[in-house]
Amino acid sequence: MTMPLTPVWFIALPLLLAFASPLWVRLRLLMPLLVGTPAALLALALGLLPAVRTAPLLETIVIAPPLGIHLQLDSASWLLVALINFAGVVVGAFLWLGETEPYLRERRAFILILLLIAGCNGMVLTGDLFNLYVFLEIAGVSAYALSALRRDAPALEAGLKYLIIGSVAAIFFLFAVVLIYLQTGNLSLAAVARGFSEIPGPMQMLIGLLMLIGLGIKTELFPFNFWVPDIYQGSHPAVASLYSGILVKAFLFVLFHLVFLFLADPGVAGAWLMGLGAITMLVAETVALRQEDLRRMLAYSSLGQIGLITLALGFGVESTTAGGLFHMVNHTLVKLLLFLTAAILLRSFVSARIADFAGAGRARPLAGALFVLGALAVMGLPPLSGFASKLWILKGFAEAGVFWPVALILLAALIEAGYYFRWIKVLYEPRTEVAIEPSEGRWAYLPIGVVAGLIVLLGVAPFLVDDLFIEGARSLLDRTATLVAVLGAGS
Amino acid sequence: MSDVPLRKRVRAKTLMLVLLCGWLFAAHLGILFQYGLDGQTASVGDALLARNAETASANAVTSVVVSYRGFDTLGEVTVLFLAATGIGLLFGARQRAGAEGAETPISDPNEMLMTGVRLLFPVLVLLGVYVVVHGHLSPGGGFQGGVIIATAFFLRMLADRTFVLNHSLIGLLEALSGSGFVLVGLLGLILLGTATFLGNFLPHPVADMGRLLSAGVIPVVYCLVGVKVGAEVAAIFGDMLERGSSHPPDAETS
């Protein structure tokens, strides 16, 4: 008997603890476990890092890859797994320490958050197409229920919208999986990748289109993202931070993982994705200018950043991909910071409308300062991490001699500065008659402070983590290495 | 009818959307008929069928569902669990909001239903248990059997107004069977003989194929799945039927 610390724990542990939740209610362990589970998984991820950096970890489940399911922890998926579990710790700690609304601290929320983490971990780790669909459903269904958790009209509307649009996306994806299985007879990602070029051209197009619609809805790319702000507005900001921080990042990773793995020459698909990313970024940033609701503004800003990441990853060059992965991490940190700060501000100020926020920064100095820090990091101002990753992406494009994305990214940053400064200005407007109850839940600032510290640290010293992202980009882009690792040499 | 002007009756945007979807669907079908009809020559399914004897399960579908792709089954069970949780959440909300609203009085079930269910209930439960337990031998298994058992309880709820599901018991069954599934999987991982998640760590000699006690861990997993599916589907039925009645949905929350 041994205790092998393999990647399957990233999925099995949250599943086990979520299933056994009535026990934790009885033992009063619900909140400690909500923080403890992702923390344990984060520790496991850190412990596995040296091994992952030497060679990708492959774990067979029951039967070896071309026939069965396997999990793959390589440098790229490691980044995502660490990020997902870190965000889980932060949000869990915020819910525990912050004296948040009771509906976020009961058993159902515990189950849904843990299963969301399990689903995202599974999506990122799995090496099997149908298994990917299963985890996509787990992450999706827990997200639908999470947005309806508050059970008032806006929350139920958000949940219903999310349920319908998410199910439509899942059906498109499932149909693509069916067609791939019909054509290649395989479900293992590596085996499908080997046989994908033999599929007739129009069929490849159809599969690609179905995948693009399915995953495009899930990753909130331009023509498919009309529903996003409603969901973010209807959900609790802490839940919205999970969507923006974890869920979309996992789907983005899946999208690009499939593109780079299936297509021997991802040029055309990459160009399409770059185009979609650029449109997403510009449209979202422009619409964000006019938003009067804090949560909607953050939702559009999140869409804009996702467009930027798509633009960078779609280019498919090592430096922009590494920069894109770095920006993914940064954006998760920043949106955790902004949404959780928004949760604190919303608790003290009844509505999220811009007019009601006048002077909020003076009444809640710490929350105001954190919001400003997050806003500056999104814009990409120098000592913060957003600057480091945007610079990396821009340098990557400039080195490749392609300048239109550089111009668009700078333009988007300019628009971003426009609306974030508008909110900052309102936040610090002099207004005396702000009536607020005495501040409670000071501990809620602890997880937010940790995130803020990381944003500054990564901005000042990006060289600490450079290698991780370069290795991640290499393993994401290197198709043959993955094929050889899974199927053996000679494939 | 004629009061409404034509441009309001025919919405151009909707019409264009319908036409676009129709065109996409036609293009889709065109590609499917041209390239999708000749199935692949060799698939994973054939390879797995050839190796079926390894699991000693007489039903080859079961050996794929529970053993080779057992990880997917664990995921599917989780999705069902999430769905049950979500339905509990939503119907609990309806109940609170509409507590004072006039609930349509439901008439008592008629004699035919009551007598029929009295006869059917034990038979259905027995059939469900049979289907679950023989999942590795004959068509059926945990999902199918679990739903049959849940249906039995659903009929009981319809026929007998005084019959109320014990939600804490159902929650306990759900928790035990769900964590049991994961624990069986983890046992496969930590035992040296199998060393893979969901590995078949119980002895499963091929000679026993076709007997009730065969195929090692497969029937165990299928029984757990059966209990879990039965409990979840029954809970879904219960949540939908009992809205408006007096069961407290959050009694067990902290």
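The values are calculated or read from the model by the stated rules, or taken from the named source; none is laboratory data. Given the structure is predicted, the values throughout are model-derived calculations rather than measurements. Here the Cβ is made from the backbone with ideal geometry for all residues, glycine too, and neighbour counts use every protein chain on show.
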> So which residues in region A:5-16 are crowded, with 24+ Cβ neighbours inside 10 Å and among the aromatic types (Phe, Trp, Tyr), if there are any at all?
Replying inline: A:PHE10
>> Whether any residue in region A:49-71 is within 18 Å of A:ALA143 (Cβ to Cβ) and modelled with pLDDT of 90 or more is what I want to check.
In response: no
> Hey, among the residues in region A:17-29 that are surrounded by fewer than 21 Cβ atoms within 10 Å (Cβ to Cβ) and at the interface with chain B (Cβ under 8 Å from one of its Cβ atoms), which one's farthest from B:VAL77 (Cα to Cα)?
Replying inline: A:ARG28
> B:MET157 is checked against (1) free of Cβ contacts under 8 Å to residues at least 12 places away in the same chain; (2) away from chain A (no Cβ under 12 Å); (3) in contact with a Leu (Cβ under 6 Å, 6 or more places away or on another chain) and fails just one. What number does that condition carry?
Replying inline: (1)
> Is it the case that region A:167-175 has a residue that's closer than 20 Å to A:SER302 by Cβ and under 21 Å from the mean Cα position of the chain (by Cα)?
Replying inline: yes
>> Condition first: within 16 Å of A:LEU136 (Cβ to Cβ) and either at the interface with another protein chain (Cβ under 10 Å from one of its Cβ atoms) or part of a helix (DSSP H, G or I) (or both). Now tell me which residues in region A:208-224 satisfy that.
In response: A:LEU210, A:MET211, A:LEU212, A:ILE213, A:GLY214, A:LEU215, A:GLY216, A:ILE217, A:LYS218, A:THR219, A:PHE224
> In this structure, does B:SER168 turn out to be in a helix (DSSP H, G or I), within 14 Å of chain A (Cβ to nearest Cβ), at pLDDT below 85 and more than 21 Å from B:LEU127 (Cα to Cα)?
Replying inline: yes
>> Among the listed residues A:ALA240, A:ALA250, identify the single one that is farther than 30 Å from B:ARG69 by Cβ, part of a helix (DSSP H, G or I) and at pLDDT 90 or above.
In response: A:ALA240
> From the list B:THR151, B:THR196, which residue is within 18 Å of the chain's Cα centre (by Cα) and buried (at least 18 other Cβ atoms within 10 Å of the Cβ)?
Replying inline: B:THR151
> Do you know which residues across region B:42-75 are part of a helix (DSSP H, G or I), without any contact (Cβ under 8 Å) to a residue 40 or more places away in the chain and either within 7 Å of another protein chain (Cβ to nearest Cβ) or touching a helix residue (DSSP H, G or I) at 6+ places or on another chain (Cβ under 6 Å) (or both)?
Replying inline: B:VAL44, B:ALA47, B:LEU48, B:LEU49, B:ASN52, B:ALA60, B:VAL64, B:TYR68, B:ASP72, B:GLY75
>> For region A:310-337: of the residues being more than 19 Å from A:ALA240 (Cα to Cα) and among the aliphatic types (A, V, I, L, M), which is modelled with the lowest pLDDT?
In response: A:VAL317
> Do any residues in region B:179-193 that are over 10 Å from A:LEU16 (Cα atoms) have Cβ atoms under 6 Å from those of residues that are in a helix (DSSP H, G or I) and charged (D, E, K, R), where the two are at least six apart or on different chains, and which pairs are they?
Replying inline: none
> Which of (1) under 27 Å from A:LEU333 (Cα atoms); (2) in contact (Cβ under 8 Å) with a residue 12 or more places away in the chain is the odd one out, the single condition A:TRP272 does not satisfy?
Replying inline: (1)
> For region B:197-217, does any single residue satisfy the condition of being in a helix (DSSP H, G or I) and within 14 Å of chain A (Cβ to nearest Cβ)?
Replying inline: no
>> Residues that are in contact with a Lys or Arg (Cβ under 8 Å, 6 or more places away or on another chain), on the phi < 0 side of the Ramachandran plot, assigned to a helix (DSSP H, G or I) and away from chain B (no Cβ under 11 Å): does region A:99-116 have at least one?
In response: no
> Here are some residues: A:GLY368, A:GLY304, A:GLY316, A:GLY323. Which one is outside any helix (DSSP H, G or I) and either closer than 21 Å to A:VAL91 by Cβ or in contact (Cβ under 8 Å) with a residue 24 or more places away in the chain (or both)?
Replying inline: A:GLY316
> Residues of region A:349-373 being closer than 17 Å to A:PRO430 by Cβ, modelled with pLDDT under 85 and of a type in the set (A, V, I, L, M), which ones?
Replying inline: A:ILE354, A:ALA355, A:ALA358, A:ALA360, A:ALA363
> When region A:45-68 is examined, which residues are found to be aliphatic (A, V, I, L, M), crowded, with 17+ Cβ neighbours inside 10 Å and within 14 Å of chain B (Cβ to nearest Cβ)?
Replying inline: A:LEU57, A:LEU58, A:ILE61, A:VAL62, A:ILE63, A:LEU67
> Looking at region A:71-93, is at least one residue surrounded by fewer than 24 Cβ atoms within 10 Å (Cβ to Cβ) and within 12 Å of chain B (Cβ to nearest Cβ)?
Replying inline: no
> When you go through A:LEU346, A:LEU376 one by one, which is the residue that is surrounded by fewer than 24 Cβ atoms within 10 Å (Cβ to Cβ) and modelled with pLDDT of 90 or more?
Replying inline: A:LEU376
> Just checking, which of B:LEU183, B:LEU189 is surrounded by 20 or more Cβ atoms within 10 Å (Cβ to Cβ), under 22 Å from B:TYR68 (Cβ atoms) and within 13 Å of chain A (Cβ to nearest Cβ)?
Replying inline: B:LEU189
> How many of the residues making up region A:126-143 are polar (S, T, N, Q), within 8 Å of chain B (Cβ to nearest Cβ) and in contact (Cβ under 8 Å) with a residue 40 or more places away in the chain?
Replying inline: 1
> Of all residues in region A:144-172, which are buried (at least 24 other Cβ atoms within 10 Å of the Cβ), of a type in the set (A, V, I, L, M, F, W, C) and more than 10 Å from chain B (Cβ to nearest Cβ)?
Replying inline: A:ALA158
